[in-house]
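Trainee: My questions all concern the structure below.
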Amino acid sequence: MHDPQTPLNSGFGFHSTAAGVLAGIDLSGKLAIVTGGHSGLGLETTKALAGAGARVLVLARNPEAARKALDGVPKVEVDQLDLADPASVRACAERFVAGGRQAGIVICNAAVMANPETRVGDGWESQFGTNHLGHYALVNLLWPAIAPGARVVSLSSRGHHFSPMRWDDVQFTTGYDKWLAYGQSKTAIALFAKQLDTLGQAKGVRAFSVHPGSIYTPLQRHMSMEELTSLGWLNDKGEVIDPNFKTPPQGAATTVWAATSPLLAGKGGLYCENCDVAVRDNTPTPTETGVRDYAIDPALAKCLWTLSAGLTGIDAFA
């Protein structure tokens, strides 16, 4: 039996950039939505999509800062979205749906990482609540305005190797570990894409999760310099020294590849990395590449969808 998690030999790889992946692809007339599309990987994603002709709607917690960061990037507009605030998510989605436009690409890019214990929404652990539940609610609320044939790309990461879903204590009520919480949130993102792909196929909408690679961006804002250097990511001058790290343009490449590649036509529910479909990796300790079975398991994806619908009170497919 063919394993769908088999690389497609895309011709791209670790060193490919977002602009390189989109060379020769014309996105004119297509509207893309990118959460956090003004900073780090999101900014590179926005610039690459706009450069290929797409109109890009960037959703940002601080629209003023986003507009400043995007100054000079063509075909870009900004609206307010705080993924940690359910009311903000609903208001943002309702504004877009009311506008009557259709999104051909939705990229769930914004995230928090390894932050101190914080509660958002209805007492949700903040990394799960922001990275997963915020995007879960947004996509479901946007569903009437997601075009048939659209692609939804959710940014997971190798961080999913750190933890499967902690079904007995999803909200970390019995003790918080910032890296386990981050890992669970990235597992949840991959499972969300898996189930969204299953549900969205009737409309021709396909979903993918991606590991962008390790990149030094503002995502690490909650980590101290001591921690960054002890992990071997930076030297004491703040320079990246880890050979496994990508540049931001390289880090955005897999996202735009998953959103646009003709090789993925008729496919979905896949976890991608290095501009290709990733292989499975279930070794005992976290590795740099590959996807754990628990992050792409259809039964677990369905369970998470049910849990998320219950927590948010939102389900476009109910």
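The values are calculated or read from the model by the stated rules, or taken from the named source; none is laboratory data. Please read these numbers as outputs of a predicted model, since none were measured by experiment. Glycine also receives a Cβ, built like all others from the backbone with ideal geometry; neighbour counts cover every protein chain displayed.
Trainee: Does region 85-92 contain at least one residue that is within 15 Å of the chain's Cα centre (by Cα), crowded, with 24+ Cβ neighbours inside 10 Å and not charged (D, E, K, R)?
Mentor: no
Trainee: While we're looking at this one, here's another question. Out of everything in region 188-213 that is small (Gly, Ala, Ser) and at pLDDT 95 or above, what residue ends up being farthest from PHE12 (Cα to Cα)?
Mentor: Among those that are small (Gly, Ala, Ser) and at pLDDT 95 or above, it is ALA202.
Trainee: So is ASP177 among the charged types (D, E, K, R) and surrounded by fewer than 21 Cβ atoms within 10 Å (Cβ to Cβ) or not?
Mentor: Criteria met by ASP177.
Trainee: Out of the residues in region 40-71 that are in contact with a strand residue (DSSP E or B) (Cβ under 8 Å, 6 or more places away or on another chain) and small (Gly, Ala, Ser), state the one that is surrounded by the most Cβ atoms within 10 Å (Cβ to Cβ).
Mentor: Looking at the filtered set, the residue picked out is GLY42.
Trainee: For region 144-186, which residues satisfy the criterion of being farther than 22 Å from THR45 by Cβ and in a helix (DSSP H, G or I)?
Mentor: PRO144, HIS161, PHE162, LYS178, TRP179, LEU180, ALA181, GLY183, GLN184
Trainee: Any chance you could count how many residues in region 109-121 are modelled with pLDDT of 95 or more, over 16 Å from the mean Cα position of the chain (by Cα) and not in a strand (DSSP E or B)?
Mentor: Residues flagged as modelled with pLDDT of 95 or more, over 16 Å from the mean Cα position of the chain (by Cα) and not in a strand (DSSP E or B) within region 109-121 amount to 3.
Trainee: Being touching a residue at least 24 places away in the same chain (Cβ under 8 Å), β-branched (Val, Ile, Thr) and surrounded by fewer than 24 Cβ atoms within 10 Å (Cβ to Cβ) is the requirement here; does VAL210 meet it?
Mentor: no
Trainee: Another question, if that's okay. Starting from region 153-174, keep only residues that are polar (S, T, N, Q), then list their pairs with residues that are surrounded by fewer than 22 Cβ atoms within 10 Å (Cβ to Cβ) whose Cβ atoms are within a distance under 6 Å, requiring at least 6 positions of separation or different chains.
Mentor: Cβ pairs passing all conditions: SER163/LEU180.
Trainee: Another one. If a residue has to be modelled with pLDDT of 95 or more, among the acidic types (Asp, Glu) and outside any helix (DSSP H, G or I) to count, how many in region 278-313 make the cut?
Mentor: Counting residues in region 278-313 that are modelled with pLDDT of 95 or more, among the acidic types (Asp, Glu) and outside any helix (DSSP H, G or I) gives 2.
Trainee: Further question: Could you pull out the residue among GLY72, GLY42, GLY29 that is within 23 Å of PRO212 (Cβ to Cβ) and not charged (D, E, K, R)?
Mentor: Answer to the check: GLY42.
Trainee: Moving to a separate point now. I need the full set of residues from region 267-318 which are within 19 Å of the chain's Cα centre (by Cα) and among the aromatic types (Phe, Trp, Tyr), in order please.
Mentor: Result: TYR271, TYR294, TRP305.
Trainee: I would also like to ask the following. Hey, among the residues in region 291-308 that are surrounded by fewer than 21 Cβ atoms within 10 Å (Cβ to Cβ) and touching a residue at least 60 places away in the same chain (Cβ under 8 Å), which one's farthest from PHE12 (Cα to Cα)?
Mentor: LEU307
Trainee: Hey, any hits in region 18-31 for a residue that's in contact with a strand residue (DSSP E or B) (Cβ under 6 Å, 6 or more places away or on another chain), surrounded by 14 or more Cβ atoms within 10 Å (Cβ to Cβ) and under 30 Å from LEU83 (Cα atoms)?
Mentor: yes
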